[in-house]
Amino acid sequence: MLQLSSLICVLLSLTWPAAVQGLAGSLRPPWWLARRQTAASVWQLRQRFVLDLVLQVHKPLLQAQLVELGQELNADASNYKEGTWESLSDFMTRVQEDRMLGIYSMYSQLELELPQQLLGLYRFLALAKDWRQFQRNACYARTHFNAVLFVNALQLALEQRQDTQDLQLPGMHELLPQLYFDRNVILAAQQVNWQQLAPVPLVTKHNLKAKLYALLHPSFRLALELDLMPATPVVVAAAAPRPELSLDVQLNGHWSRLISRLMIYADYRPAIIDGDRLMAFGSERAALAYRQTLERGSHAEAAQVLLHNVQQFVALLAMEEQLTGVPTMQSLQLELLTTFGVPYQQTQVNFQAVQQLIRAAVQQLDEQLKAHAAVNWLTVAQILGRHYFQLCRRISLAINGQQVSPNLLGMATANLRDPIYRELLKQLAQLSATYATPTKAKQQQQQQLLLIKQINVDTLHTFEQPLDSDLINLVDQQLLQTQRNNLQYIRRRLVARQTRLNHKAFNISYHLHAQTPMILLARSYLLLPGHKHIRLLLDSFVLELTAGEHVLQRHFPSAGFESTLSELYEAREAQDLAATNIGSCLFPPHLLLPRGTVAGRKLQLSVEFIRWNNTDAKANCQSLGSVLDWNAPVLASSLADVTIQHEEFNVT
């Protein structure tokens, strides 16, 4: 044996130069070679820091460096943007008095103090003066506060900060899968052996040399992880017979962000501006007035966004009900797990009694509206935004015996799957519709100023599209969070596979004749024949016309996918990622059309042209005012028949 070892050492010494060069060129794994060739970009380092924080977010943070970074509360006023420390005082007091939602506490958006807690944590992250202070605060929040509270605040703060706006978080259903997927999916994913996800090296002719060389040079051992088998995901089936609207995990995640945005502006505390802008006002009184204006404007915008989304969701839901015959109040067979692995309790009550209870609560909102001399879309949105949480809380307490959690209705503000919450949204949409009374321009004026000569719509197609959601947050954290992040070594992903509704690309063309130059707002709705009050907004845009004939064409591409958690880890630059709608507030783009049928579903397209009073013709064509201003006089309108066909997709 000793002679054999000596012989091996001699052979290695003789072939040293060629062996080293050959091994270095052929045995390095792709990620290692790339790392040696180019240093990680600033974006990549920051993106991975954010991802490390949300990896296994329901469990303790194991990376020692991040734990150390967040050990102490960052309570130095100089570490925050100038002029903002006063707005953080409530949050700092809550932390010192242990009045923030702890790691193992139950999250319910109907708790009385949750809006103040979310607002404080959001400011704690958004107002840190630089990246280093943001890191400290984010690590502290990750290790001290409830995971759902942390993720919601982090999501909003990333949108606000200048140094994080190009960073992305994966979908909420990937960060907090327990809140979005049925318990059977969660349990099946947790039972997957991590070895099923580990890379499998292929045998190469260099394996013997590599192993011998690695014995003498431990630093070269990483080179043994090479030529891995292609990534084949381990799939957990999560597909329903058809992708029901209320079970759409992307829509539920979108809804959660809407409610979080409304929550942080739930009160009219002074808005935050930096010191440079503060100095421009010359006095504290002027600065305070400006802050209050910003805060009220932010709250009004969040309320308007919520109202629009309520209308869109209810219209889509009504169209789905008309197609399937399944009523809104039918309870879905869905069991969600709480943070502690305990299923949320579905509310078992008499639905007729619930409808009456909701009707009585909504009637109080109607009385608030009738107290105003003139009610428009802005008034309805403001009243809804001001009373939304009290309304949800009142209904929840009445139905669930004064308990807000853990039940589905207790988290109803972010849960479209609860039938009682869907009924509430339905009645809110009906209430708002009673105040939507668009006026028509005089017939003579209509003929003189604008004539709609023709509208051409392509045959519309919807289809069921496979959607893989990354369940890596359910994999053993000991495998993922070590001194080196092992996620990059896991080439076989763990995914929940389901289907979502999507549409093929299509065009709408408008042939118009303008008598004089004008700037117009065009809005298009899909209508159910015989149900003209059910209107699904399809498009809204501003156009500038000269006198004469015009042919305009609008293109609607098929909706793409957002980047998954694994894809975000693998990206090297921001442009490597799929475009997301993180800043979008109108509605998820894959739900632009309602489901069609194989034979072709008959709907109607309503097109309205309205005088655009904004002096900027290039203003945001999907601004809230253009979408929600029901009472604007319609200069010209047209109604066309459309057909939506559907293609089934079988998930294998």
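The values are calculated or read from the model by the stated rules, or taken from the named source; none is laboratory data. All of these numbers come straight from a predicted model, not from anything done at the bench. Don't worry about glycine lacking a Cβ; one is built from the backbone with ideal geometry, like all the others, and counts go over all protein chains shown. All accessible areas refer to the heavy atoms of the entire protein, side chains included, with ligands and DNA or RNA removed. Shrake-Rupley method; radii C 1.70, N 1.55, O 1.52, S 1.80 Å.
R0 = 30 Å: FRET efficiency of THR324 with ILE103, Cβ-based, nearest 0.05?
Using R0 = 30 Å, I get an efficiency of 0.15.
Please give the contour-minus-distance gain from ARG554 to THR93: 0.36 nm per residue of separation, less the Cα-Cα distance, rounded to one decimal in nm.
Extra length available between ARG554 and THR93 comes to 160.7 nm.
Provide the gained length on full extension for the span GLN364 to VAL598, in nm with one decimal, where the gain is 0.36 nm per separating residue minus the Cα-Cα distance.
Taking GLN364 through VAL598 to full extension adds about 79.9 nm, to one decimal.
Taking 0.36 nm per residue of sequence separation and subtracting the Cα-Cα distance, how much length would be gained by fully extending the chain between THR232 and PHE351, in nm to one decimal?
Contour length minus the Cα-Cα distance gives 38.3 nm.
If Lys and Arg each add +1 and Asp and Glu each add -1, what is the summed charge of the other residues whose beta carbon sits under 11 Å from the beta carbon of PRO170?
Surrounding charge for PRO170 is -4.
Step through the table entries LYS370/LYS532; LYS370/LYS602; LYS59/LYS504, compare each Cα-Cα distance with 30 Å, and write down the pairs that go over it.
Beyond 30 Å between Cα atoms: LYS370/LYS602; LYS59/LYS504.
Which log10 I(q)/I(0) values does region 130-200 give at q = 0.24, 0.26, 0.28 Å⁻¹ under the Debye formula, counting every alpha carbon as one identical point scatterer?
Treating every Cα as an identical point scatterer, log10 I(q)/I(0) equals -1.07, -1.15, -1.25.
Kindly report, to the nearest 10 Å², the accessible surface of MET518 as traced by a 1.4 Å probe over protein heavy atoms only.
Here the accessible area works out near 10 Å².
Arranged from highest to lowest average of other beta-carbon atoms within 10 Å per residue, in what order do the peptides 308-318, 72-82, 547-557, 157-167 appear?
The packing order, highest mean first, is 308-318, 157-167, 72-82, 547-557.
Place the peptides 107-118, 186-197 in order of packing, highest mean first, counting for every residue the other Cβ atoms within 10 Å and averaging per peptide.
The densest-packed peptide leads the list: 107-118, 186-197.
Can you give the FRET efficiency for GLU647 and LEU586, using 1/(1 + (r/R0)^6), R0 = 30 Å, r = Cβ-Cβ distance, to the nearest 0.05?
0.70
Provide the FRET efficiency to the nearest 0.05 for the GLU113-GLN448 pair, computing r from the beta carbons and using R0 = 45 Å.
Efficiency at R0 = 45 Å is approximately 0.15.
Quick one: how many Å² of THR434 are accessible to a 1.4 Å probe, rounded to 10?
90
Compute, for ASP576, the solvent-accessible surface of its heavy atoms (probe 1.4 Å) with the complete set of protein chains present, and express it in square angstrom to the nearest 10.
90
Filter the chymotrypsin sites (Phe, Trp or Tyr not before Pro) in region 148-185 to those in DSSP coil with at most 16 other Cβ atoms within 10 Å of their Cβ, and list the result.
none
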